[in-house]
Ligand SMILES: Nc1nc2c(ncn2[C@@H]2O[C@H](COP(=O)(O)OP(=O)(O)OP(=O)(O)O)[C@@H](O)[C@H]2O)c(=O)[nH]1
């Protein structure tokens, strides 16, 4: 089909009966982007010559790591029984950190292709996304992907899928995003099964923002789904949550490159540009209306993204601090969920306390900072947000363990999540042990097929953010999968452990941990620093303390490092050179009280989990 057939479907005038809005939901790596690529080719909007893998994933990081961070919408023409339809495909991010964005994208659709890898079967995010789709009343089209793989077991998993969503296993389509087999039948099925959008064309305009992306050349590009009425180019629009007014400089559809149109009508999915420079002015979930004839009621479901995980980010070279500030300011333009404020640390100098949606978000941001801005960074251990109530009734929100209040604490509330873990049945025992050791309590356990078990637990978020996912993967030989959602706050028996070097507190190592784990944390961190800090001219005690109680202690024995020891004989200039070098080295030392500590020691002590993260990436 030629791309020209789109012009028969002018977005301002398309009959909603000829529109199908759908998304593809899948567990990570089940092949969503590859399938989307085949659809782009098959509908003729991307020709074979300009096709490249994962066409829709624009960010380099997305392409390299094979994950989708930002959703995109694409309009594709498809002929079915003599009529041309406009299929709007909304690509959703698949990771738990971005659940809110997934749910907004789903709200823009009437149907969802539930894509499952035919060699893997249902995974935790398949379920999480399916439940979100069902909450949004979407028509579900079950599809097994990767049937070209020798290890594929489409019959077995069709049965599993049919058990899950009801219906006949034969109803499950079988495709290969790689070879293209079955993709045309899937496009036909979308036209047949997905209901067309309904809305009131004469009502005041209401469009839901399901994504907004910062483009360095065009400013913020906002993706919307028209629900009622229409929007036209050059009109004045209003954001219903902030009442901010903007002019529509451009409105159009992506197919897959942006194509400006006269406007967007009921049921359409497209983009708009107002010239704003910051994604926070065009927030996901907000409703856009027409200033001249405004709607009175916003579409439901708007929520501000709240950071769940905090970490201190510091430049390894202190003189990079202004570059880091500028880099964060720039990233913030494209990432409404990123929060940060300046912070100083005894051990690490000047940096920023940053808030993230989750661990993946943290990793992506630090990686972008390092890659796009050429910074060398160190991130402190991630921490969650604690609500602390003092004996005198004062309430304090703590995002940084070193700011934990001193004095009598009445209670501490910590965030709790509801986690869903899917695993082959052989690993149920080890997973239960793992969850137990992370203060989890089981909600229920269910068999989904003969070999697949779903375990549901409530767990403190703090126990998950550290290395839970890595542990789960290694204990289940990679088969276990995890998804979680916020489940409010709960009281925890928590204490703050401080690290003292010769009696001086070193803030970067303060941690809030469960009372029973304070001792092991103290032993671990003091041991690690003893290895890393070089000997000084006097003995240096390293202590871990809870309040004024010391719970672990190591010490570094005194020694004077004599750089001249090996320099026999008389060459004075060589001796002077060595002494100069020693002086130079001292400049990079941090003074903690009287103790000189090379910054590298702090960095090495903090970055053991960085190594782990590195392994996960491979
Ligand atoms: N053999 C085979 N491999 C496939 C097929 N579809 C996708 N793959 C491979 O599976 C891997 C994951 O595919 P993606 O399309 O990146 O998966 P995704 O679901 O978009 O991943 P996220 O965006 O991270 O959620 C890639 O290595 C693809 O080459 C298929 O039909 N057959």
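Taken together, the values in this text are just the output of simple stated rules run on the coordinates, not laboratory data. Values in this document were obtained by computation on a predicted structure and should not be read as measured data. Using ideal geometry, Cβ is built from the backbone for each residue, glycine included, and neighbour counts are taken over all protein chains shown.
Figures for the structure shown
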{"quantity": "By average C-beta atoms within 10 angstrom, highest first, the peptides 363-372, 264-273, 74-83", "calculated": "264-273, 363-372, 74-83"}
{"quantity": "Distance between modelled label sites at residue 425 and residue 192, nm, 7 Å Cα→Cβ extension", "calculated": "3.5 nm"}
{"quantity": "Burial ordering of 46, 224, fewest other beta-carbon atoms within 10 Å first", "calculated": "46, 224"}
{"quantity": "Residue 179 paired with residue 515, simple spin-label distance in nm, labels 7 Å along Cα-to-beta-carbon", "calculated": "6.2 nm"}
{"quantity": "Fully extended contour minus Cα-Cα distance, from residue 477 to residue 293, at 0.36 nm per residue", "calculated": "60.4 nm"}
{"quantity": "For 179, 420, 92, order by how many other beta-carbon atoms lie within 10 Å, fewest first", "calculated": "179, 420, 92"}
{"quantity": "Whole-angstrom gap from region 71-148 to region 406-476, using each part's C-alpha centre", "calculated": "27 Å"}
{"quantity": "Relative packing of 443-451, 521-529, 125-133, which averages over residues the other C-beta atoms within 10 Å, highest first", "calculated": "125-133, 521-529, 443-451"}
{"quantity": "Centre separation in Å (Cα based) which lies between region 171-243 and region 484-501", "calculated": "41 Å"}
{"quantity": "Contact order relative to length of the chain, as percent, for alpha carbon pairs under 8 angstrom and 6 or more apart", "calculated": "10 percent"}
{"quantity": "Peptide ranges 454-463, 204-213, 544-553 listed from the most packed, as the mean C-beta count within 10 angstrom indicates", "calculated": "204-213, 454-463, 544-553"}
{"quantity": "Where labels lie 7 Å past Cα in the beta-carbon direction, separation of residue 442 and residue 411 in nm", "calculated": "2.8 nm"}
{"quantity": "Ellipticity estimate at 222 nm from DSSP helix runs (n ≥ 4, -39,500 (n - 2.57)) divided over the chain, nearest 500", "calculated": "-8000 deg cm²/dmol"}
{"quantity": "Order of 172, 23 - criterion: other Cβ atoms within 10 Å of each residue's Cβ, fewest first", "calculated": "172, 23"}
{"quantity": "Overall form of region 283-405 per C-alpha gyration tensor (a/c, 1.5; a/b vs b/c)", "calculated": "oblate"}
{"quantity": "Cα gyration tensor, region 206-290 - rounded (a/c under 1.5), prolate or oblate", "calculated": "rounded"}
{"quantity": "Potential extension, residue 470-residue 135 segment - 0.36 nm per residue separation minus Cα distance", "calculated": "117.6 nm"}
{"quantity": "Potential lengthening between residue 391 and residue 300 on full extension [0.36 nm per residue; Cα-Cα distance subtracted]", "calculated": "28.8 nm"}
{"quantity": "Anisotropy class of region 356-499 from Cα gyration tensor, a/c 1.5 cut", "calculated": "oblate"}
{"quantity": "Sites residue 153 and residue 548, calculated FRET efficiency, Cβ-Cβ separation with R0 56 Å, nearest 0.05", "calculated": "0.35"}
